[in-house]
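Asker: Below is the structure I would like to discuss, written out as structure tokens.
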Amino acid sequence: MAKIYVVGIGPGKKGDMTFRAYDALEKSDVIIGYKTYIDLIKEYFPEKELISSPMKKEVDRCREVVEIAESGKTVSLISSGDAGIYGMAGIMLEIVPESIETEIIPGVTASNAAAATAGAPLMHDFATISLSDLLTDWDLIKKRVDLASQGDFVISLYNPKSKGRTTQIEDAAEIMLKYKSPETPVAIVRNAGREDERVTAATLGTMLEHEIDMLTVIIIGNSKTFMKNGKIITPRGYKY
Ligand code: SAH
């Protein structure tokens, strides 16, 4: 029986992909995903049938995956990071017929990769918020930023800014500043876990002065977060 894998390939480099994800890709006849993600893995699977599909065609891509599985081939649908975090796992499960076995394989999400590069900012409760309002009402996103800030969560922002969405990050910073100090340490991490990874240590008060785009994840500390030797640390509370 053909099978569908929905695979989180991690942030980029092979070393950050799980063995389980690698195995699933090896067992697949076909691997399908955004071109950027196919490009990240194609050197490891040159013998596979690789299909790059365009952005914003997620539903079509899932239908194509079902057709491939129905033709008897094992197929992996890939997402960067974790497929279940702003990835393809949800929509695939919504669309797939019950007759086709579908396995979701977790991956290292951008927050994890970025946190490890920046230090240990996610040591305490954190909230992951996407600033993309393409599929989510902007008022609801603002409310989540507000309440997470009020609750003194560390906040990890995905999809912070694109060419068409430039004001959301400004609004989010303004909301966070209602509750968080402008001195709060911030890590701006671009291309975490990839060749051209870049980490910028900033503060909530200065973060907008730095380059932020769709390849960036931003981690904003809680009231206890501090910097040491260039690393950002949110203490768990141990006494020493
Ligand atoms: N499924 C992915 C997230 C997809 S949403 C995951 O689990 O990581 C796309 C957003 O994720 C980007 O706009 C960016 O904010 C973030 N992102 C994904 N990969 C990243 C990386 N390697 N470095 C920094 N941010 C990344």
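The values are calculated or read from the model by the stated rules, or taken from the named source; none is laboratory data. Model, not experiment: these values are computed from the prediction. Counting neighbours? That spans all protein chains shown, and the Cβs are built from the backbone with ideal geometry, glycine included. Ligands, DNA and RNA are excluded from the accessible area calculation, which covers all protein heavy atoms including side chains. Shrake-Rupley method; radii C 1.70, N 1.55, O 1.52, S 1.80 Å.
Asker: Among P160, A120, G15, which residue has its Cα positioned farthest towards the positive end of the charge dipole of the chain, with +1 placed on the Cβ of Lys and Arg, -1 on the Cβ of Asp and Glu, and the dipole taken about the Cα centre?
Answerer: Result: A120, furthest along the dipole toward the positive end.
Asker: P(r) for the chain, please, calculated from all Cα pair distances in 5 Å bins and given in %.
Answerer: 1, 7, 14, 17, 17, 14, 12, 9, 6, 3, 1, 0, 0
Asker: I need the per residue convex hull volume for region 1-64, using only the alpha carbons, in cubic angstrom as a whole number. Present the calculation step by step, with values, prior to reporting the outcome.
Answerer: Values: hull volume 5.6 nm³, N = 64.
Each residue corresponds to 88 Å³ of Cα convex hull volume.
Asker: Would you work out if region 111-233 is rounded, prolate or oblate? Take a ≥ b ≥ c from the square roots of the eigenvalues of the alpha-carbon gyration tensor; rounded if a/c is under 1.5, else prolate when a/b is larger than b/c, oblate otherwise. Don't jump to the answer; show the numbers that get you there.
Answerer: Numbers: a/c = 1.62, a/b = 1.15, b/c = 1.41.
It is oblate, given that a/c is not under 1.5 and a/b is not larger than b/c.
Asker: Can you give the calculated 222 nm mean residue ellipticity of the chain, where each DSSP H run of n ≥ 4 adds -39,500 (n - 2.57) and the sum is split over every residue, rounded to the nearest 500 deg cm²/dmol? Please list the in-between numbers first.
Answerer: Numbers: 7 runs with 67 residues, N = 240.
It comes out at -8000 deg cm²/dmol, rounded to the nearest 500.
Asker: Find the lysine pairs in region 111-233 meeting two conditions, Cα atoms under 22 Å apart and a separation of 8 or more places or different chains, and report how many there are.
Answerer: 13
Asker: Further question on the same structure: Semi-axes of the equivalent ellipsoid of region 3-108: what are they in whole Å, largest first, if each equals the square root of 5 times a C-alpha gyration tensor eigenvalue?
Answerer: On the way: eigenvalues 69, 41, 35 Å².
Semi-axes from the Cα gyration tensor: 19, 14, 13 Å.
Asker: Between E94 and K231, take the C-beta separation as r, use R0 = 45 Å, and let me know the FRET efficiency to the nearest 0.05.
Answerer: According to the calculation, E is roughly 0.65.
Asker: Mind giving me the nanometre distance, one decimal, between the label points for R63 and K42, set 7 Å out from Cα along Cα→Cβ?
Answerer: 2.6
Asker: Extending each Cα 7 Å along its Cβ direction at L135 and S52, get the distance between those two points in nm, one decimal.
Answerer: Rounded to a tenth, the inter-label distance reads 2.3 nm.
Asker: Moving to a separate point now. Using a 1.4 Å probe over the heavy atoms of the protein chains, calculate the carbon and sulfur portion of the accessible area of the chain as a whole percent.
Answerer: Here carbon and sulfur together make up 51 percent of the probe-accessible area.
Asker: Nearest 20 debye, what's the magnitude of the dipole of region 111-233 about its Cα centre given +1 on Lys and Arg Cβ and -1 on Asp and Glu Cβ?
Answerer: Magnitude of the dipole: close to 240 debye.
Asker: Let me ask something else about it. Taking a probe of 1.4 Å, how large is the accessible area per residue of region 111-233, in Å²?
Answerer: That works out to 50 Å² per residue.
Asker: For labels at L177 and E211 in the simple 7 Å Cα→Cβ model, what's the distance in nm?
Answerer: 2.4
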